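Right, one structure below, let's go through it.
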Amino acid sequence: MANSYLNRTPSSTGNDKIATFSAWVKRGSSLGSQNNLFTSFPANERTQLFFTGSDTLQLQSYSSGSATMNVKTNRAFRDVNAWYHIVVAMDSTQATASDRVKFYVNGVQETSFAVATYINQNTTLSFNTASRPFYIGTYDTSQLFFDGYMSHVSWVDGQALAPTVFGETDSTSGIWKFKQPSGVTWGTNGFHLKFEN
């Protein structure tokens, strides 16, 4: 549903510099408007991943109300019949700026960006922090809901992982498909939500 979401407020702080988000998503009819995949709050300290009004994919982070990271793809995602496997690996400890955020779609790394402002090295991000709500499928409780389907949503606290942890190429069809993640250290606030039903 277009106004459904999940949220959790961690009781313990995990790794606030390294994490991976992975989800299989199928977009609904709300193209041309912002649809959030995840958001970590409060607003002036947030990190959020969303489809933009131009249907590109964007990751933003704020600290004390000022933007510390802003990365947006050139590629638009408008196929409402397709499942997209989206992986965003974040690691602010990396020496090379472009290694601090990596986007993958269906197993392939996105390298063409309309905006690429990477977070400074070793800067903390607004996630995995005690008492800060974490939302899936919305910006907050009342706006910018994700319209579509989500399956096998994973959050890994403390590791920046490759898409091959969550997916693989089918040897017969050549199509990128789900793979049960194994050997993952989920960390303090990590999870894997299957949504199989």
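The values are calculated or read from the model by the stated rules, or taken from the named source; none is laboratory data. Computed from a predicted model, the values in this text were never measured in an experiment. All Cβ positions, even for glycine, are placed from backbone atoms using ideal geometry, and neighbour counts span all protein chains on display. The accessibility values were calculated without ligands, DNA or RNA, using every heavy atom of the protein model including side chains. Shrake-Rupley method; radii C 1.70, N 1.55, O 1.52, S 1.80 Å.
Is the range 97-197 best put as rounded, prolate or oblate by its Cα gyration tensor, with a ≥ b ≥ c the root eigenvalues, rounded for a/c under 1.5, and otherwise prolate when a/b is larger than b/c, oblate when not?
Values: a/c = 1.44, a/b = 1.19, b/c = 1.20.
The shape class here is rounded.
Give me the percent relative contact order of the range 76-123, please, defined on Cα pairs under 8 angstrom at least 6 residues apart.
On the way: 58 pairs, mean separation 17.3, N = 48.
After rounding, I find 36 percent.
Taking the mean number of other Cβ atoms within 10 Å as a proxy for protection, how do you rank 65-71, 128-134 from highest to lowest? Could the numbers behind the result be given before it?
Details: 65-71: 15.7, 128-134: 17.7.
With the highest mean Cβ count within 10 Å placed first, the list reads 128-134, 65-71.
Counting heavy atoms of the protein chains only and a 1.4 Å probe, report the per residue accessible area for the chain as a whole number of Å². Could the numbers behind the result be given before it?
Details: 8760 Å² over 197 residues.
Normalised by residue count, the accessible surface of the chain is 44 Å².
Ranking request for peptides 13-25, 112-124, 35-47: highest mean number of other beta-carbon atoms within 10 Å first, then the rest in descending order. Kindly include the intermediate steps, with their values, before the conclusion.
Values: 13-25: 21.7, 112-124: 14.8, 35-47: 20.2.
My ranking of the peptides, most packed first, is 13-25, 35-47, 112-124.
Using Cα pairs closer than 8 Å and at least 6 residues apart in sequence, work out the relative contact order for the range 1-93, in percent.
Numbers: 154 pairs, mean separation 29.9, N = 93.
The value is 32 percent.
Enumerate the calculated ³J(HN,Hα) couplings along the range 142-153 in order (Karplus 6.51 cos²θ - 1.76 cosθ + 1.60, θ = phi - 60°), each rounded to whole Hz, writing x wherever the residue is Gly or Pro.
Running phi through 6.51 cos²θ - 1.76 cosθ + 1.60 with θ = phi - 60° gives 9, 7, 6, 5, 6, 9, x, 10, 10, 9, 6, 8 Hz.
From the square roots a ≥ b ≥ c of the eigenvalues of the alpha-carbon gyration tensor of the range 33-155, which class results: rounded (a/c under 1.5), prolate (a/b over b/c), or oblate?
Details: a/c = 1.64, a/b = 1.14, b/c = 1.43.
In terms of gyration-tensor shape, oblate.
How many angstrom separate the Cα center of the range 51-112 from the Cα center of the range 113-162?
Using only Cα atoms to place each centre, the spacing works out to 10 Å.
Please enumerate, by chain and number, the lysines with C-alpha under 26 Å from the C-alpha of LYS177, excluding those fewer than 8 residues away in the same chain.
Straight-distance partners of LYS177: LYS26, LYS72, LYS102, LYS194.
Tell me the carbon and sulfur percent of the accessible area for the chain, rounded to whole percent, probe radius 1.4 Å. Walk me through the numbers on the way to the answer.
On the way: 3870 of 8760 Å².
Roughly 44 percent of what the probe reaches on the chain is carbon or sulfur.
Of the peptides 174-186, 88-100, how do they stack up when ordered by the mean number of other Cβ atoms within 10 Å, highest first?
Details: 174-186: 12.2, 88-100: 17.4.
So the peptides 174-186, 88-100, ranked by packing, come out 88-100, 174-186.
For the chain, what does the relative contact order come out to in percent, with C-alpha contacts under 8 Å and a separation of six or more? Please list the in-between numbers first.
Details: 525 pairs, mean separation 63.2, N = 197.
Computed over the chain, the figure is 32 percent.
Using the Karplus equation 6.51 cos²θ - 1.76 cosθ + 1.60 (θ = phi - 60°), what ³J(HN,Hα) coupling, rounded to whole Hz, does each residue of the range 45-57 give in order, writing x for Gly and Pro?
Karplus values, whole Hz, x for Gly and Pro: 10, 7, 10, 9, 10, 7, 7, 7, x, 9, 6, 7, 10.
Residue-wise, which Karplus ³J(HN,Hα) couplings in Hz belong to the range 158-167, taking 6.51 cos²θ - 1.76 cosθ + 1.60, θ = phi - 60°, and x for glycine or proline?
Here the 3J(HN,Hα) series is x, 9, 9, 10, 7, x, 5, 6, 10, x Hz.
Straight-line reach from LYS17: which aspartates and glutamates have a Cα under 20 Å away, not including same-chain ones fewer than 8 places off?
The reachable aspartates and glutamates, counting only those whose Cα sits under 20 Å from LYS17, are GLU45, ASP91, ASP99, ASP157.
Under 5 Å between amide hydrogens, which residues at least 5 positions from GLY158 or on another chain qualify, with H placed 1.01 Å from N in the peptide plane?
Residues meeting the criterion, in which the H sits 1.01 Å from N, are ASN15, ILE18, ALA19, THR20.
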